Amino acid sequence: MPSGAPISIWDLFQHADFVVKLVMVGLLVASVAVWAIAIEKLILYSRTRRAMDSFEQAFWSGQSLEELYRTLASRPTHSMAALFVAAMREWKRSLEGQPRSFAGLQMRIEKVMDVTIQREIARLERHLLVLATVGSAGPFVGLFGTVWGIMTSFRAIAGQQSTSLAVVAPGIAEALFATAIGLVAAIPATIFYNKFVSDVNKQAQRLEGFADEFVAILSRQIDERG
């Protein structure tokens, strides 16, 4: 890089060592992946909250559970509706088979709902590991690029036998640029990861709360039949 020339971002990348360039490109790809996952999760969690609100409104509206089940069972369901459909399916299957133990029926319904909750949580948590990995490893990957770039710069300085700031500064700037990119990738990843983990926990609590309420409703019906 010519001495005294203005340093642009492209210049920092163009004149960097091959290893540093590889680190920069990898971090940029990771940053794009972070934002893609973040946008997808924001849309998914918003839709899930609206679906939960809509289902709870229908469930507590006084509509027949059989009618609600027939409506939901005919199409793919997620979240709270999937929980309801799984429990009702086990309920109807057990009653049609004339169960010998209603206590066993309640245990099976609780198990089915627990499995459905875990499946829904896994769906909501999908790709969050990528955010956690970028958030924790991004700065260190950028630091590796910086250390490698500084080593390369020092070798070049030794070859030129000059310690002038005009000679040292460009190489150091190129190396530090890798750390900057690492932080650009890691900071949003950490923020989004913490937010999404909180969102998943809130939605999991809503699912577990509904499961407890619905099991209580079915338990009363089991007691009446028993």
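Condition first: within 25 Å of the chain's Cα centre (by Cα), within 30 Å of Val23 (Cβ to Cβ) and at pLDDT 90 or above. Can you find one or more residues in the stretch 105-121 that meet it?
no
Among Phe214, Phe177, Phe210, Phe196, which is the only one that is more than 30 Å from Ala38 (Cβ to Cβ), at pLDDT 80 or above and of a type in the set (Phe, Trp, Tyr)?
Only one candidate passes the filter, namely Phe214.
Residues that are under 30 Å from Ala173 (Cβ atoms) and at pLDDT below 90: list the helices (runs of 4 or more DSSP H) wholly contained in the stretch 1-103 that include at least 2 such residues.
Helices (runs of 4 or more DSSP H) meeting the threshold: 9-14, 18-59.
Where the second residue is at pLDDT below 90 and the first is more than 15 Å from Val184 (Cβ to Cβ) and lies in the stretch 18-31, which pairs have Cβ atoms under 7 Å and are six or more apart or on separate chains?
Close Cβ pairs (under 7 Å, with a partner that is at pLDDT below 90) amount to Val19/Trp148; Val20/Gly145; Val20/Trp148; Val20/Gly149; Val20/Glu174; Val20/Ala175; Val20/Ala178; Lys21/Phe13.
The values are calculated or read from the model by the stated rules, or taken from the named source; none is laboratory data. All values derive from a computational prediction rather than experimental measurement. As a convention, Cβ positions derive from the backbone with ideal geometry for all residues, glycine included, and neighbour counts pool all protein chains shown.
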